[in-house]
Amino acid sequence: STGTYDEGRGEMDDVRYALEFLSRRYAGLPVILAGFSFGAYVGLRVACVDDRVQAIIGLSVPARMFEGETLQGCQKPKLIIHGTEDEIAPYELTAKWFEQVPAPKSMVAVPGADHFFQDRLNEVEAIIIGFVQTL
């Protein structure tokens, strides 16, 4: 892209605006924020500090973007789903980062899955449904 990178500040504002819209439109319903790749990075950062969010799901989390930030103080349930063959956000980096993320938390590895969970979305769906049913 030829644009400038602002470390996700604009995208975090977008998430906040979406949460505001949802909280007005669906007042009283629980909010579970889910994000994929860069959206997971942005979503996790916003959701941890936004009282409207009950739980957080991150798929293919690009752990290197967190630069040592481990969501300290985030007491919301967190589910991280990651393919072991992720060529963009290496599984090993995310697993190491996840060790420092505060509980409650769960990380599920999808063996052999790439960054986009090619041909594995049914498995991802089942993992998410299982997590949501525990809330």
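Every number in this text was worked out from the coordinates using simple rules, so none of it is lab data. Keep in mind that this is a model prediction, so the values were computed, not measured. Heads up, the Cβs are rebuilt from the backbone with ideal geometry, glycines too, and the neighbour counts pull from every protein chain shown.
Details
- Distance from the alpha carbon centroid of region 28-55 to that of region 91-135 works out to 15 angstrom.
- Scalar couplings 3J(HN,Hα) for region 79-87, obtained by applying the Karplus form with A = 6.51, B = -1.76, C = 1.60 to θ = phi - 60°, are 10, 10, 10, 8, x, 6, 10, 5, 8 Hz; x denotes Gly and Pro.
- Ordering Ile81, Ile129 by the number of other Cβ atoms within 10 Å of each residue's own Cβ, fewest first, gives Ile129, Ile81.
- Along each principal axis, Cα extent of the chain, largest first, Å: 40, 40, 29
- Residue list for region 80-94, given a label point 7 angstrom along the Cα-to-Cβ vector of Leu135 and an amide N cut-off under 14 Å: 80
- Neighbour counts of other Cβ atoms within 10 Å put Asp13, Asp86, Asp51 in the fewest-to-most order Asp51, Asp13, Asp86.
- Shape of region 65-135, Cα gyration tensor, a/c cut at 1.5: oblate
- With a simple spin-label model that places each label point 7 Å from the Cα along the Cα-to-Cβ direction, the separation between Arg16 and Leu93 comes to 2.7 nm.
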